[in-house]
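So the structure is just underneath, and the comments pick up after that.
Read-outs: derived from the displayed coordinates by stated rules, not from any lab. Quick caveat: nothing in here was measured; it's all calculated off a predicted structure. Heads up, the Cβs are rebuilt from the backbone with ideal geometry, glycines too, and the neighbour counts pull from every protein chain shown.
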Amino acid sequence: MGPSSHQTTRRSWPRAAWNGLRCRCPNCGEGKLYARYLEPVEECSVCGEPYGNRYEVGLLLPFIVITVIGHVLVFALLEIGRWQINPLLTLAIVIPIVLIGSLLLLPPVKGGLIGILWFNKLSDAQ
């Protein structure tokens, strides 16, 4: 099954980004985008669109995740500061927010970036 055999009507960047955010193939929206945690599949199991290491998001991925987590962290610290909580308890609240939030955000953000790169046909395989 080649990449053009399950071609959708036309490319749309919101649909490609949304499918990527759901960790699905930006082309068809049905196949899984990842084989493991952050490792893209070689090709979509439904439409055959090749991925592998074709779309490298580089340093934009950590930049976006750090920006989002930083905003959540500032809000959490401001709220915790209003209650005048013990600093050790503050660390016990903040560290899990940062770690769990970062690990949960990485796959969908990378998928969204892969979807945008796929839409613009910006692959590293050129």
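Taking Arg82, is it among the basic types (Lys, Arg) and buried (at least 16 other Cβ atoms within 10 Å of the Cβ)? Before you say what the answer is, go through the steps one by one.
Details: among the basic types (Lys, Arg): yes; buried (at least 16 other Cβ atoms within 10 Å of the Cβ): no.
So Arg82 fails the test.
Show the residue pairs meeting these rules: Cβ distance below 6 Å; 6+ apart or different chains; first residue within segment 107-126 and outside any helix (DSSP H, G or I); second residue surrounded by fewer than 19 Cβ atoms within 10 Å (Cβ to Cβ) and not basic (Lys, Arg).
Final answer for the pair search is Asp124/Glu56.
Here is a yes/no grid of residues against (1) of a type outside the set (Val, Ile, Thr); (2) surrounded by 15 or more Cβ atoms within 10 Å (Cβ to Cβ):
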residue	(1), (2)
Cys47	yes, yes
Val57	no, yes
Leu91	yes, no
Gly101	yes, yes
Ser123	yes, yes
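Going through Leu73, Leu91, Leu61 one at a time, which residue ends up being within 12 Å of Leu113 (Cα to Cα), assigned to a helix (DSSP H, G or I) and among the hydrophobic types (A, V, I, L, M, F, W, C)?
Values: Leu73 fails: within 12 Å of Leu113 (Cα to Cα); Leu91 fails: within 12 Å of Leu113 (Cα to Cα).
Criteria check complete, one pass: Leu61.
Within segment 53-73, can one find any residue that is of a type in the set (Ser, Thr, Tyr), in contact with a Ser or Thr (Cβ under 9 Å, 6 or more places away or on another chain) and closer than 30 Å to Arg10 by Cα? Spell out how you get there, then give the answer.
Of the residues in segment 53-73, the ones of a type in the set (Ser, Thr, Tyr) are 55, 67.
Checking the rest, the ones that are also in contact with a Ser or Thr (Cβ under 9 Å, 6 or more places away or on another chain) come to 55.
Keeping just the survivors that are closer than 30 Å to Arg10 by Cα gives 55.
Yes, that holds for at least one residue.
Sort out which residues of segment 42-62 are under 19 Å from Leu105 (Cα atoms) and free of Cβ contacts under 8 Å to residues at least 40 places away in the same chain, and write them in order of number. Before you say what the answer is, go through the steps one by one.
Taking segment 42-62 first, the residues under 19 Å from Leu105 (Cα atoms) are 55-62.
Of everything in segment 42-62, those that are under 19 Å from Leu105 (Cα atoms) and free of Cβ contacts under 8 Å to residues at least 40 places away in the same chain turn out to be Gly58, Leu59, Pro62.
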